[in-house]
Every structure is written in structure tokens, then in C-alpha cells.
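The values are calculated or read from the model by the stated rules, or taken from the named source; none is laboratory data. These numbers were taken from a predicted model, which means no experiment stands behind them. So basically every Cβ, Gly included, is an ideal-geometry build from the backbone, and we count neighbours across all protein chains shown.
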């Protein structure tokens, strides 16, 4: 008897007829991130879609810049910029039908805006206003999620429920590389695969979980490789190639809608700016690294493709920039207006039936306001 057998560590080999329940080979991602721009595949892309992606990227970059400026002016409490990641944000919004649902993280305000949400409403939570700032059911956009990865099980639950009801709905959930280290990530992917829920997970791997680089988060060959452990396909895509991200996500959404189950997509991108305005990124990364990624900027890549193929000229570039400036000016003007706040809103929409404690607190605040001569 071997030492392992003596210690109770012996495990018999499976019988010869044993086979894995799922062939892992089709689930594995490609060795290299999928790309469209600069390849033969670009010639097959819809020119109208490419131009729309470009306009949204330019608008998204300006939106990020304006929101960052508003933070410095004290109009926002915090802003996690998605500068450099606009291709992921825009593609995620554009692949969905009106009936589908988007489940964003705190960094995905641009995805919500690209889906049609009012830019001011998208920033309401980040300015410290009450609740979400928009109606999730109206826009089919779940509340912006600050706790890491907790939106992922919600997306699975909604998608699974929709399928049980016979609704033709797909949920697309966004998460950062840091969120893949959370237990909610595991639970969501496991349930999604077991239930074959029509949900797509998009991991925006921007290199850092605040200051922690990916190499200190996981030893996996890629985050997309984690998919095979749950029994779903994994896709790896260049997250700065807007056409590639859109194509991969569109394929995954079609696969989910047709009953094929979930897909895990990892988009390799980069967070050009700091984690938030409260972060000093120079403490954990150098300028040379950031500059290298600026050369792989999503707007530059798409603009080069369009101009090289004669699909975009100087007038088209200027038109996209002008539209972005118009959006920024409107956002700036409206965000510079102080909102009219009612302190009693603190107690609205907390419970369907207010608890005795909540009623007591409400009465106390109302009494204080009346004593100060304010009308609640």
C-alpha cells in the first residue's frame, strides 16, 4: 500500500467508459484576442455600423471628459471614468434589443448613456442624489452597481425568469477584472450555465482592480478560460476594437436568444485614467505603460479604418466632434443647476409598507423641519 493509500488519499481511476459531460474543446477561447480592424474581416463589416460606432465613441470620450471636469468642480461626488474603454461600453449598448436588459457596474455610465439614458440621469447617483436617478424598468437598465459583481446574479435571475415566462429577453452583464475575484461572479456563472440562462457576461479587463494588477488576481491563462470550468463558451476579444467587440457580443446575444445558454466574453482593454478622481494611479503604474495604450486608442483605431477605406472624411470627423460638444454643453448646463431636494424623500420607496421605525423617523424629521420654519 502506498503512503497516499495509508493516508486515505487514494482515489480510483474512472472506469474506461467515463466521458466528460461536456466536451471542453469548443468552450475554450482563442489563444489571441479576436480583432476586426486592420484585418480582412474589416472589409465585411457594415459601413453604417462602423460609422455609428465611431460617432458613439467620440461622444463617449467627450462624455467622460465632461463628467471628470464636473467632479473637479464639485458637481459630482465621484466619477469612475471609462476613458480608453469606450469600445466595450458602446458595443454593449448597441448589441441589445429594446426588450433586453443591461446590468452595469459603477464604471458603466457610458454604456447606459449609449443605450439611450439621459446623461444627467446616468450621473444622478454619482452626484449624491437619491436612489438611482432613472426608472430601470422603463430603460431596461438595472441600477448602477457599486458593490463588485453583485449585479451578475441579478442578471442571471432576470434572464432565467424571462425564459420561464417565455419572454424573448437577453441580459448583458458588465463587470471588471477585479469583479471576477468575487464570489458573486462564481455563483452567477455557475447558475447561468446550469440553468442555460440567456445571459452574456462581458468582463472589461482593464488591467487593474484599483491598484492590483491582473497577475496578482489570477493565474488563469485568461479570464475567458474560466468559462470552461462552468460549462459555457469563453471568448477573448480586443476590447479597443469596437467592431470586434460588437461582433463577438452580437454572436453571444444571438446564441443566448436562440436557447444556447450563456457566454463569458473577456475584452482586453485599459483604464487610461485613474480608478476614480480619488485615486493616484501614478503610485502603481508608469507613464510609459499608459502612453503605449494611448497608441491603441479605440477612437484612433476605428478612425484610421474608416478614413483608409474612404468611409469617413474630415467633415464626418468634425460632425461627430460637434455632436459630442453639443451633448457636453447640455450636460454641463444642466448639471450646474442645483437640484431641488425634499428631505422627506429619504423615506420614499424604502419599503412598500413603511416600518414603525421608519414612520417614527419620518415624523421626527418633519417636526424638526416645521420647527425651523421649513415646509416639508
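So which residues in the stretch 121-132 are in contact with a helix residue (DSSP H, G or I) (Cβ under 6 Å, 6 or more places away or on another chain) and buried (at least 19 other Cβ atoms within 10 Å of the Cβ), if there are any at all? Correct list: 122 only.
For the stretch 155-166, the condition of being part of a loop (DSSP other than H, G, I, E, B) and assigned by TED's automatic domain parsing to the domain that holds residue 210 holds for at least one residue. In the condition set (1) out of contact with any strand residue (DSSP E or B) (no Cβ under 8 Å at 6 or more places or on another chain); (2) surrounded by fewer than 21 Cβ atoms within 10 Å (Cβ to Cβ); (3) part of a helix (DSSP H, G or I), residue 113 is compliant with all but (2). Residues that are buried (at least 18 other Cβ atoms within 10 Å of the Cβ) and either outside any loop (DSSP other than H, G, I, E, B) or without any contact (Cβ under 8 Å) to a residue 24 or more places away in the chain (or both) within the stretch 196-213 comprise 199, 200, 201, 202, 203, 204, 205, 208, 209, listed in sequence order. Scan the stretch 164-173 for residues that are closer than 14 Å to residue 191 by Cβ, surrounded by fewer than 22 Cβ atoms within 10 Å (Cβ to Cβ) and either under 18 Å from the mean Cα position of the chain (by Cα) or touching a residue at least 60 places away in the same chain (Cβ under 8 Å) (or both) and the total you get is 0. For the stretch 219-269, filtered to residues that are out of contact with any strand residue (DSSP E or B) (no Cβ under 9 Å at 6 or more places or on another chain) and in a loop (DSSP other than H, G, I, E, B), the residue that is surrounded by the most Cβ atoms within 10 Å (Cβ to Cβ) is 231. Please go through the stretch 331-364 and give me each residue that is closer than 29 Å to residue 122 by Cα, in a helix (DSSP H, G or I) and free of Cβ contacts under 8 Å to residues at least 60 places away in the same chain, ordered by number. Hits for the stretch 331-364 are 333, 343, 344, 347, 358, 362.
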